[in-house]
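Heads up: the structure comes next, in structure tokens.
The values are calculated or read from the model by the stated rules, or taken from the named source; none is laboratory data. Nothing here was measured: the structure is a model prediction, and the numbers come from that model. Backbone-built Cβ (ideal geometry, glycine too); neighbour counts: all protein chains shown. Note: accessible area is taken over every heavy atom of the protein model, side chains too, but ligands, DNA and RNA are not part of it. Shrake-Rupley method; radii C 1.70, N 1.55, O 1.52, S 1.80 Å.
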Protein chains: 2
Amino acid sequence: MAQTSDRPASAGPAHQLDGDDLASLDALFAPRSVAVIGASDDPKRIGGRPIAYLKERFQGRILPVSQSRAVVQGLPAVPQVTDLEAPPDLAIIAVPARDVVGIARECADFGVRSLLVFTSGFAEASSEGARWQRDLVAVGQAGGMRICGPNCIGQINLPDGAVTTFGSLPDLPAVHGSIGLASQSGAYGLTLFKFARTVDLPIAHVLSTGNECDVDVTDALAWLVQRPEVDVLVGFAEAIREPARLLDVARRARELDKPFLFLKAGTSVAGARAALSHTGSVVGADDVIDAVFRQHGILRPRSSTDIITWSRLLMARRRARGPRVGIVTTSGGVGVLMSDAAEAAGLETPPLPAKDQESLAALLPPFGSPVNPVDCTGQVVNNPGFFAGVLRTVAASADIDVVAVAGLPDTVEAGRLSALTELAAATGKPLVAWAHSRPWVSALAPLGIAVYDDPVAAMRAAGALVRYSAWQPPVAHICEENGERTRLARAVLQQASGGAALLDSEATAVLAAYGIPLAPAMTAADLGAAREAARGLGFPLALKVVSPDVLHKSDAGGVRLGIRDEAGLATAYESILTEVKASRSDVRILGVLVQKMAAPGLELVCGMKRDAQFGPIVAVGLGGVLVEILRETVLRQAPHLVSQAPRPRRAQPLQRPWGQLPSGPRPVPR
Amino acid sequence: MAQTSDRPASAGPAHQLDGDDLASLDALFAPRSVAVIGASDDPKRIGGRPIAYLKERFQGRILPVSQSRAVVQGLPAVPQVTDLEAPPDLAIIAVPARDVVGIARECADFGVRSLLVFTSGFAEASSEGARWQRDLVAVGQAGGMRICGPNCIGQINLPDGAVTTFGSLPDLPAVHGSIGLASQSGAYGLTLFKFARTVDLPIAHVLSTGNECDVDVTDALAWLVQRPEVDVLVGFAEAIREPARLLDVARRARELDKPFLFLKAGTSVAGARAALSHTGSVVGADDVIDAVFRQHGILRPRSSTDIITWSRLLMARRRARGPRVGIVTTSGGVGVLMSDAAEAAGLETPPLPAKDQESLAALLPPFGSPVNPVDCTGQVVNNPGFFAGVLRTVAASADIDVVAVAGLPDTVEAGRLSALTELAAATGKPLVAWAHSRPWVSALAPLGIAVYDDPVAAMRAAGALVRYSAWQPPVAHICEENGERTRLARAVLQQASGGAALLDSEATAVLAAYGIPLAPAMTAADLGAAREAARGLGFPLALKVVSPDVLHKSDAGGVRLGIRDEAGLATAYESILTEVKASRSDVRILGVLVQKMAAPGLELVCGMKRDAQFGPIVAVGLGGVLVEILRETVLRQAPHLVSQAPRPRRAQPLQRPWGQLPSGPRPVPR
């Protein structure tokens, strides 16, 4: 596959996720045999670490290649990759940069299916390295061999035991979770993996892509989304090299009901400058990325903490039917804090229906509150019996979509655990809890209850889940093809004055060609023609200068509104000429547009821009002189990629039925 | 001291932090002798836990009081508090609610200086309990005995080893930090303490106040701020019972250069409803709290995570001279992400000056970037030598106020540690780092470098520090007293029509009394009087209906602007009468205000409201019909509490010189 930056950034009809492509990535991300070229006997060195990790639990063949040793870390080694009995799925290359292309060619000729190049010193380091990188791409293309890297830290694939990174890792966990992470930056990916482990959130895969000479983050995501153990998909990158393919991944994730989070760096002015300096990437307008992600159902975390806290809830595979949270608390103050956080996260905490409040009042101690938050007070310690009843009642309420439990003891105490177990079995609604998380996380994760130390984080995660659950595919109303209109519009454009922008008169002609109604107007070359036009159009009128040199007509004094009679017309005409001529000495004035004043009404703005990544983007919103200040504008990628009739809320059944207990972290196969 | 909710919510001249008050709180929060009434031999029971914790490291006297045992947890016990040799500083009460008042009276009579009442079942539980609570307050007042609680989980004071909580705790840490936390909610405080410990952030004090019958969160904060080991002050509450005293604490914290964070719950509509239901507290308008906190230099975290991540940096006692961050990274992608996060946190990441870029270019490998972020690339692994030089150059740059280091190895490797040690010694600027935090936190905390797993959290913390450092006391320009003006205004008000609001004519008279210039105006009772007024004022004019029944005059058709002549005046006058009469059948029309049209200009709005907690609040901002949409309004508490001339940026020297190494976590005395 060619270097991805050469591919057109099409936003047209969706690409299919290519079956052959994905199969070729299996050799890289889930190999059955791994050669390590430049193998080291020292398990701490770059050529030694992956062998040490693979020995821990990889069930395929580990094939050290070393010119100096016949045995590496207890495994028999061969001097050349071509000395192996058969070509491996994956060859890891940990040799000096100048030797990489030659070895890659040997691998390709031998039939190796994929390369993972640790070595740095390529395009990121020097012009000589850039040339080596181009040669590497050519070798891969010619040999049908996928290449990950160079300058890549490698992969963590816990379900298959295929840990091929040279990064230092804590002990590999005994269980793996259902989160698949793809990160251009290996340092970011590995640090997030370790951060997640310190808070007991298990990540199944970390795929990093380094210089992305062939395989990029979108490829890694496309591979992850179809893995059955992956329930939550996470991407990190500063540049989206294949926008259309990323949207394919998003659609596939939706079809499989797998939440897709993408942390997009380079969103700020400073970040965009840094990205340009880092990789020469133009990061794209942030408001467009925001709109397109929203349109295609991609969640947008803003920090590592967002990724970790949202994933904790999303991996529980529960979905929300609406934004209404029922809070059950033993601490009034924390109930208040969670109510604040819910509102800030776009959620609601409505008072419970009268019927439910009555049931709760019968259970609660005096001075408890049955409204919402439901305040059990500290009495829950003395009388834990009513806790299960309260949870059951709140979870069963027709007005509640998400249940939040605030305040569990420090130890996993049998009464409270059994109440929560009963709750999880009784409802398919999403469940979050606030507590000192250490004792509770592993006890409640298998039940699908996400536990947080920070009550605000619990609500923000619920907010992300509700946004995910509420997403529906956009419905497109694409205008029918109309050759005649297109021909008319093209004719206008061919005769256009050739200025930086269309003249008003030209733009109105293009819009008219498409049948878009406008206030009637005529261009007048002199005051006499303007009077003539006014007689035809009738007062009140607007006058606007026509000039290829004036883009912002009001600023140049080129607009007069509400002209009521012939006298006003003459005054306005002359004053426009005077002011516009004064605004710039060499201004060309082609005439004045005489236009019927539109009746008062709501001012709207409609615009279009062509985004470098996502193609034509349409903006619609409140118009008028305050348009930049009000910022009441929405953006949509055009045409919408989904053009069929609206799908029902859940188009595809979950692989596991809605509300069934998730299976929780799975043991790693040994 | 009376129940605090009875105190007037004065916003007037500042109260002094009362020395006697603080001394009386010493007995509660740093007692030298503690009796436990209702002592239990079981270290897991409510009456047993504090004894077990105190035995660990408390150097004062532990005095169990038990009617059933002569020895409790190995300590001699007495049957009654009056059997003790001398009255203790603090008596903890862990007996049934019905017995509490009687025992409190015994304690007061015996001379006990303070009570901590664990027992629940008071105002939070029943009307009988509320009566007991009132009796308890009376006993405390009569005996000059401070009371904390009832329904209070107790305190953690690590520097004095005075851990008097019945909450379950992890092992007490060997070191304590410099963070002092006061929380109305004991559950919130203890959970935050444990959360902080799991991320290696040491908190020195957790003071909780429960039902706050006497001692409240503001008292606890007032006590904490003057403790020498407390460098960062944190409060959590849903209601601010003593607004003026809270602002005193803020001023004292500023004088001592101790950052003060307050997490205020009850900020949302839902949260306010929950707070009302929880404690009957009216939480106050959130925009006012925001403005007053900002005005008085109180930082406002929104989550537990904010508290923890901000405190980690603030406790390093470094201050920022400005908002400019220099990022030194080994990962380009993370550098971009940090630049984004810096901008979102109100910081800047300017390109370094040319001179500094030249110095860096000489150090960096080819394809590294000297701009900002300064990208060291992965070459730092092969050649760690240049890392120290890069850090030194960035830290010394005149254009940089905060240094952020992204990407440290997983182990505390000598080369990198020595570079960071040198950096910390060479600069007083704030320092943050992104890394897998576990290995680095404790190595770098003593150097004053705050380490984060989440690069975005690092930048948000830096943003909070920069806001703290940039704060300057507000300057007030208080109008001189002017009895004559006040008398005139009062006279107008006494004669006012008595409607729900002042008439336009009355309001203008009040403003005129204070010499505030307004467009000249006269009230006309009929068209003839209006014509007379017009001749006096001159055209163009505005006409506005005068009616006690019409508050929103434009909506009722009661305003005409830009009247240019007598004919227009007559038309406008009649149409106002017609439209206003049509708007409401029983409307009273007292006349029409004839006012000189103001010249076009910038429309501003100025308003005042009386906040229940903080008194008169003035709003100033962009006016016009879009005032609610533009929301370009600032609020200020009036009058400003600080009326002297502007202070220099740093009015008080730090206890330790600026830029000196902080001493880091201190060992607990044993």
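Quick rundown of the values:
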item	result
Residues being among the hydroxyl-bearing types (Ser, Thr, Tyr) and within 12 Å of chain B (Cβ to nearest Cβ) - total across the stretch A:106-164	4
Residue in the stretch A:182-189 that is away from chain B (no Cβ under 11 Å), crowded, with 24+ Cβ neighbours inside 10 Å and farther than 23 Å from B:Tyr452 by Cα present	no
Neighbours by Cβ (under 6 Å, 6+ apart or cross-chain): first from the stretch B:484-508, under 22 Å from B:Val545 (Cβ atoms); second modelled with pLDDT under 75	B:Leu502/B:Ala496; B:Leu503/B:Ser497; B:Glu506/B:Ala496
Output for the stretch B:171-192, where each listed residue is in contact (Cβ under 8 Å) with a residue 60 or more places away in the chain and touching a Leu at 6+ places or on another chain (Cβ under 6 Å)	B:His176
Residues of the stretch A:78-104 that turn out to be more than 35 Å from the chain's Cα centre (by Cα), within 15 Å of A:Gly143 (Cα to Cα) and crowded, with 18+ Cβ neighbours inside 10 Å, as a count	2
Search result, residues across the stretch A:439-455 that are in contact with a helix residue (DSSP H, G or I) (Cβ under 6 Å, 6 or more places away or on another chain) and within 14 Å of another protein chain (Cβ to nearest Cβ)	A:Val451, A:Tyr452, A:Asp453, A:Asp454, A:Pro455
Number of positions in the stretch B:94-136 that are under 25 Å from A:Asp375 (Cα atoms) and among the basic types (Lys, Arg)	3
Test: B:Phe195 is touching a residue at least 40 places away in the same chain (Cβ under 8 Å), within 8 Å of another protein chain (Cβ to nearest Cβ), of a type in the set (A, V, I, L, M, F, W, C) and under 19 Å from A:Leu408 (Cβ atoms)	yes
So A:Val292, is it at the interface with another protein chain (Cβ under 8 Å from one of its Cβ atoms), buried (at least 21 other Cβ atoms within 10 Å of the Cβ) and farther than 24 Å from B:Pro455 by Cα	no
Any hit, the stretch B:409-430, residues being among the polar types (S, T, N, Q) and surrounded by 23 or more Cβ atoms within 10 Å (Cβ to Cβ)	no
Odd one out for A:Val215 among (1) assigned to a loop (DSSP other than H, G, I, E, B); (2) more than 14 Å from chain B (Cβ to nearest Cβ); (3) farther than 21 Å from A:Ser120 by Cα	(3)
Top-ranked residue in the stretch A:551-579 [being closer than 26 Å to A:Ala501 by Cβ and open to solvent by less than 20 Å² (accessible area, probe 1.4 Å); ranked as nearest to the chain's Cα centre (by Cα)]	A:Ala556
Test: residue in the stretch B:339-361 that is among the β-branched types (Val, Ile, Thr) and open to solvent by 40 Å² or more (accessible area, probe 1.4 Å)	no
Filtered residues of the stretch A:580-589 (kept if open to solvent by less than 90 Å² (accessible area, probe 1.4 Å) and over 13 Å from A:Leu543 (Cα atoms))	A:Ala582, A:Ser583, A:Val587, A:Ile589
Search result, residues across the stretch A:591-604 that are assigned to a loop (DSSP other than H, G, I, E, B), open to solvent by 90 Å² or more (accessible area, probe 1.4 Å) and under 21 Å from A:Leu551 (Cα atoms)	A:Glu603
Cβ pairs under 8 Å, 6+ apart, first in the stretch A:292-313 and over 13 Å from A:Ala457 (Cα atoms), second of a type in the set (Ser, Thr, Tyr) and modelled with pLDDT of 95 or more	A:Gly297/A:Tyr468; A:Leu299/A:Tyr468
Residue within the stretch A:147-162 that is under 17 Å from the mean Cα position of the chain (by Cα), buried (at least 24 other Cβ atoms within 10 Å of the Cβ) and over 23 Å from A:Glu56 (Cα atoms) present	no
Filter pass, B:Asp171 being out of contact with any His (no Cβ under 6 Å at 6 or more places or on another chain), surrounded by fewer than 23 Cβ atoms within 10 Å (Cβ to Cβ) and over 24 Å from A:Thr377 (Cα atoms)	yes
Filter result for A:Ala476 (open to solvent by less than 90 Å² (accessible area, probe 1.4 Å), among the aliphatic types (A, V, I, L, M) and at pLDDT 80 or above)	no
Filter result for B:Val328 (out of contact with any Lys or Arg (no Cβ under 9 Å at 6 or more places or on another chain), aliphatic (A, V, I, L, M) and closer than 30 Å to B:Pro353 by Cβ)	yes
Selected residue (only one of B:Arg273, B:Arg245 is away from every other protein chain (no Cβ under 14 Å) and not small (Gly, Ala, Ser))	B:Arg245
Condition met for A:Ala341 (in a helix (DSSP H, G or I) and at the interface with chain B (Cβ under 9 Å from one of its Cβ atoms))	yes
Hits in the stretch B:480-500 - residues which are within 24 Å of B:Leu590 (Cβ to Cβ), open to solvent by less than 50 Å² (accessible area, probe 1.4 Å) and at pLDDT 75 or above	B:Ala489, B:Ala491, B:Val492
Count - residues of the stretch B:529-549 that are not basic (Lys, Arg) and not in a loop (DSSP other than H, G, I, E, B)	12
Enumeration of residues in the stretch B:362-404 that are open to solvent by less than 50 Å² (accessible area, probe 1.4 Å), away from chain A (no Cβ under 13 Å) and touching a residue at least 60 places away in the same chain (Cβ under 8 Å)	B:Val390, B:Leu391, B:Val394, B:Ala395, B:Ser397, B:Ile400, B:Asp401, B:Val402, B:Val403
Residue tally, condition crowded, with 24+ Cβ neighbours inside 10 Å and within 19 Å of B:Ala426 (Cα to Cα), over the stretch B:318-338	5
Subset of the stretch B:373-403 (residues that are out of contact with any helix residue (DSSP H, G or I) (no Cβ under 8 Å at 6 or more places or on another chain) and modelled with pLDDT of 95 or more)	B:Ala398
